[in-house]
Each structure stands twice: as C-alpha cells, then as structure tokens.
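Enquirer: Could you have a look at this structure, given as structure tokens, before my questions?
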Amino acid sequence: MKKWLIPLIVIVVIVFGIYRWAVGFNNTAVELEANAKTAWSNVESSYQRRNDLIGNLVKTVQGAADFEKSTLTEVIEARAKATSTTIDAGSLTPENMAQFQQAQSGLSGALSRLLVSVERYPELKANQNFLELQSQLEGTENRINVARDRYNETVNKYDIYTSKFPGSVLAGWFGFEEMPRYKADPGSEKAPDVNFDF
C-alpha cells in the first residue's frame, strides 16, 4: 500500500465528517427557523381573529344611536392601523416587531376604553350579540397570549441552537440570524383597571 494513500483517506474521512456535520446543522436550523415562522403566523392569525371580532363588535355598538362617536372612531382608526401593520415571517426584525406591537397595543387600549364606556349603556349590556362578541374577544385574547408564548418558545429553541458554539460559526456562514422575541408592552407590568363584568 502506498504511503500517500493513508493520509489521503484520513483527509477524505475528515472532510466527509465536516460536511455531514455542516449539513446536519443546516437542516436542523432550517427546521427550527421554519417552526418559528409558523409560530409567528399563528400569532398573526390570532390577531386577525381579534380584528374580525372587533369589526363585528363595532357594528353592534354603532346600533346604539347615542353611543359616543369619538370612542367608536378611536377603535375604528386603531383597528385600521393594526390591520395595516403586518410582518412577513421572513422579515421579523426587532424594529418591525416593535412597530407591530405598538399598533396592536393601540388597538388594545382603544378596545378597553370602548368596553369601559359600554357600562353606561344598559341596552348594549343586555344585547345578546354584544355579550357573545365580548365573550369571544376574551377567548381570543387568551389565544393571542398562548400564540405569543409558543412563538417565543420556538424562537428560543432556534436562537439557542444557532448561537451555541461551534454551531454559531456555521450559522454565520449559512446566514442564520437571531430572531426577535415578542416582548411585553412597556407598562404592562401594571394591571389595567378594566372591568369586563357587565
């Protein structure tokens, strides 16, 4: 056996091992990134459900002829802003995420003020359609929270996998970047004073 053959075999085995490791890393990172993007789509889907319910709620409230128009206008404008602010799963950046969260927070605040002002309208509080929509909204808010938590969990798995050494070296080569997490809104550590029992 020729002397040069053994080093060549060793080099081929090492190169093949590195190749297999790089392919395995890439495939796992792609899968984790896709899971995080799907989780983000679920967050957006939950917010879309809320936006649809708010549209129906606004129509029901508009039926009360003497209801405050400024409160309704605020909700309608906040809803329009929230629905126009979307993020494609491929462009999840901290800046885009902050813009999305700000629009959704504005809608949440306007909706809270609307529900509080309904307290002065007994005919609305007794309206079965309104009560059903309100109940669905509460359930949707829970769905949104669950979807955001699941998104953060999947992003966490992806970020840990692509940040640990030596995978972090390959992550840079393959273009895998850290994904932003959904953060609590500023001031959300203080419980809002909103009464949903009408």
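Enquirer: Picking from 117, 41, 91, which residue would you name as being hydroxyl-bearing (Ser, Thr, Tyr), at pLDDT below 85 and surrounded by fewer than 16 Cβ atoms within 10 Å (Cβ to Cβ)?
Expert: Step by step, each of 117, 41, 91 is checked, and only 91 is hydroxyl-bearing (Ser, Thr, Tyr), at pLDDT below 85 and surrounded by fewer than 16 Cβ atoms within 10 Å (Cβ to Cβ).
Enquirer: Inspect segment 63-71 for any residue being assigned to a helix (DSSP H, G or I) and of a type in the set (A, V, I, L, M) and give the result as yes or no.
Expert: No, that holds for no residue.
Enquirer: In addition: Which members of segment 16-38 meet the condition of being buried (at least 16 other Cβ atoms within 10 Å of the Cβ), under 25 Å from residue 183 (Cβ atoms) and among the polar types (S, T, N, Q)?
Expert: 35
Enquirer: Quick check on this structure: which one of 33, 74 is at pLDDT 90 or above and assigned to a helix (DSSP H, G or I)?
Expert: 33
Enquirer: Find the residue count for segment 150-169, including only residues that are under 20 Å from residue 37 (Cβ atoms), more than 17 Å from the chain's Cα centre (by Cα) and at pLDDT 90 or above.
Expert: Here the count works out to 4.
Enquirer: Still on this model: Report whether or not residue 60 is farther than 30 Å from residue 37 by Cα, assigned to a helix (DSSP H, G or I) and free of Cβ contacts under 8 Å to residues at least 40 places away in the same chain.
Expert: No: the conditions fail for residue 60.
Enquirer: Take residue 25 and decide whether it is in contact with a Leu (Cβ under 6 Å, 6 or more places away or on another chain) and at pLDDT 90 or above.
Expert: So residue 25 fits the description; yes.
The values are calculated or read from the model by the stated rules, or taken from the named source; none is laboratory data. Values in this document were obtained by computation on a predicted structure and should not be read as measured data. Backbone-built Cβ (ideal geometry, glycine too); neighbour counts: all protein chains shown.
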